[in-house]
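K.L.:
Please see the structure below; I have some questions.
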Amino acid sequence: MEKKNLDWEHIGFNYHKTDYRYVAEYKDGVWGEGKLTGEADIVLNECANILQYSQQVFEGLKAYTTADGHIVTFRPDQNAKRMAGSARFMEMPAPSEEMFLEAVDQVVRANAAWVPPYGTGATLYLRPYLFGTNPVIGVKPASEFQFRLFCTPVGPYFRGGAKPLTLCVSDYDRAAPHGTGHVKASLNYAMSLHAYVEAHARGYDENLFLDAASRTMVEETGGANFVFVTKDGELVIPQSDSILPSITRRSLVEVARDYLGLTVTERPVSLAELPYFAEAGLCGTAAVISPVGKVVDHGREICFPSGMEKMGPVLQQVYDLLTGMQMGTVEAPAGWIRTIL
């Protein structure tokens, strides 16, 4: 199969329109049969629920070309389960796990020429999303929905790849206690946009959001979870009901504990603890693991001993093992890899 003629190593984390996407509609209490379409545009009523009240959830996962030439996805069943949980909280009918996985398989197969070659550092990003479509003028859930999935080849999420990032402690709140922070809903990301633009204007790569109740505990950035490493080599994962349950985070926890024999602790982490950690990183589907070299708290610099040149040794071990599983150079636990082609 001939691949698309792209500069795979320099495509950036940008949208490229691919050939096919998947769409299914929910009407009269049931999901219709999904299908592939070449049409990338969506036509909606001006009063559609998604446009008025943002009733939408989404997922993110990737397809990879492995070292032996297969095209695979990484734990897509977990994305299906997380979308179902998000949908329940947002009063939406989730596609079944079977429909979700079939959509992933169909879109990847139909766009196989867009899956970046092995060794380029690029991947095929998959975006499943679910939203209310019927007109709703009063504040209430929609009764009709679309489930769609498109794909686009992408490079690393952060420019410069694994170069350590500089974050600032944000004055804004990402999510309220007992709110939607644990749900992968578009409205959570909208809340972070102003803070993101402001942080960039001040020369920072991203924000560190604190808990909204006490403003003392580390939560996450606008689009990734945190992971810290103590000076004794223990992985510490911030815990909060407002943090999105990252599939990448769950996977690196299992890899670190079960394959590398590291001690892993999931607990609340205070901002005051940061100077005592040896390494810090962000984890998520898009970034996998991106190292953090420095956090600036209103002028006070917190510099991690791992430095500003490269990823720390413990996170590098975890990163290499996890990406090795995704790329087929390391055997993954049973059920983690779904081979499509």
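The values are calculated or read from the model by the stated rules, or taken from the named source; none is laboratory data. In this text the structure is predicted, and so the values were computed from the model without any measurement. As a convention, Cβ positions derive from the backbone with ideal geometry for all residues, glycine included, and neighbour counts pool all protein chains shown. When the accessible area is computed, the model is the full protein with side chains, heavy atoms only, and any ligands, DNA or RNA have been set aside. Shrake-Rupley method; radii C 1.70, N 1.55, O 1.52, S 1.80 Å.
K.L.:
Within the stretch 8-16, identify whether any single residue is at positive phi, surrounded by fewer than 17 Cβ atoms within 10 Å (Cβ to Cβ) and touching a helix residue (DSSP H, G or I) at 6+ places or on another chain (Cβ under 6 Å), and answer yes or no.
P.N.:
Looking only at the stretch 8-16, we keep the residues that are at positive phi, and these are 12.
So of that shortlist, the ones also surrounded by fewer than 17 Cβ atoms within 10 Å (Cβ to Cβ) come out as 12.
So of that shortlist, the ones also touching a helix residue (DSSP H, G or I) at 6+ places or on another chain (Cβ under 6 Å) come out as none.
Checking the stretch 8-16: not a single residue is at positive phi, surrounded by fewer than 17 Cβ atoms within 10 Å (Cβ to Cβ) and touching a helix residue (DSSP H, G or I) at 6+ places or on another chain (Cβ under 6 Å).
K.L.:
Quick one: which helices (runs of 4 or more DSSP H) sit completely within the stretch 26-125 and have at least 1 residues that are without any contact (Cβ under 8 Å) to a residue 40 or more places away in the chain and of a type in the set (Lys, Arg)? Walk me through it before giving the result.
P.N.:
On the way: elements: 49-53, 76-89, 97-110.
Filter on the stretch 26-125 gives 76-89.
K.L.:
Touching a residue at least 24 places away in the same chain (Cβ under 8 Å), of a type in the set (Phe, Trp, Tyr) and buried (at least 22 other Cβ atoms within 10 Å of the Cβ) - does that describe any residue in the stretch 178-191? Quick ask: steps written out before the conclusion?
P.N.:
Here is the first cut: in the stretch 178-191, the residues touching a residue at least 24 places away in the same chain (Cβ under 8 Å) are 178-190.
With of a type in the set (Phe, Trp, Tyr) added as a condition, the list becomes 189.
From what's left, buried (at least 22 other Cβ atoms within 10 Å of the Cβ): none.
No, there is no match, as no residue in the stretch 178-191 is touching a residue at least 24 places away in the same chain (Cβ under 8 Å), of a type in the set (Phe, Trp, Tyr) and buried (at least 22 other Cβ atoms within 10 Å of the Cβ).
K.L.:
Return yes when PRO116 is more than 30 Å from SER143 (Cβ to Cβ), in contact with a helix residue (DSSP H, G or I) (Cβ under 8 Å, 6 or more places away or on another chain) and modelled with pLDDT of 95 or more and no when it is not. Walk me through how you get there before you give the answer.
P.N.:
On the way: more than 30 Å from SER143 (Cβ to Cβ): yes; in contact with a helix residue (DSSP H, G or I) (Cβ under 8 Å, 6 or more places away or on another chain): yes; modelled with pLDDT of 95 or more: yes.
Yes.
K.L.:
Moving on. Which residues, counting only those in the stretch 199-250, are in a loop (DSSP other than H, G, I, E, B), of a type in the set (D, E, K, R) and open to solvent by less than 40 Å² (accessible area, probe 1.4 Å)? Break it down stepwise before answering.
P.N.:
Within the stretch 199-250, the subset in a loop (DSSP other than H, G, I, E, B) is 202-205, 209, 211-216, 219, 221-224, 231-234, 239-246.
Now narrow it down to the ones that are of a type in the set (D, E, K, R): 202, 205, 211, 215, 219, 231-232, 234, 241.
Those that are in a loop (DSSP other than H, G, I, E, B), of a type in the set (D, E, K, R) and open to solvent by less than 40 Å² (accessible area, probe 1.4 Å): ASP211, GLU219.
K.L.:
Under 6 Å by Cβ, and 6 or more places apart or on different chains, what pairs join a residue from the stretch 252-278 that is within 16 Å of LYS231 (Cβ to Cβ) with one that is open to solvent by 20 Å² or more (accessible area, probe 1.4 Å) and part of a helix (DSSP H, G or I)?
P.N.:
Cβ pairs passing all conditions: VAL264/ARG257.
K.L.:
Filter the stretch 157-175 for residues that are modelled with pLDDT of 90 or more and under 14 Å from THR221 (Cα atoms) and give the result.
P.N.:
Taking the stretch 157-175 first, the residues modelled with pLDDT of 90 or more are 164-175.
Of everything in the stretch 157-175, those that are modelled with pLDDT of 90 or more and under 14 Å from THR221 (Cα atoms) turn out to be LEU165, THR166, LEU167, CYS168, VAL169, SER170, ASP171, TYR172, ASP173, ARG174, ALA175.
K.L.:
Follow-up question, since we're still on this one. Against the definition (under 23 Å from ASP232 (Cβ atoms) and at pLDDT 95 or above), how does LEU341 come out, yes or no?
P.N.:
No.
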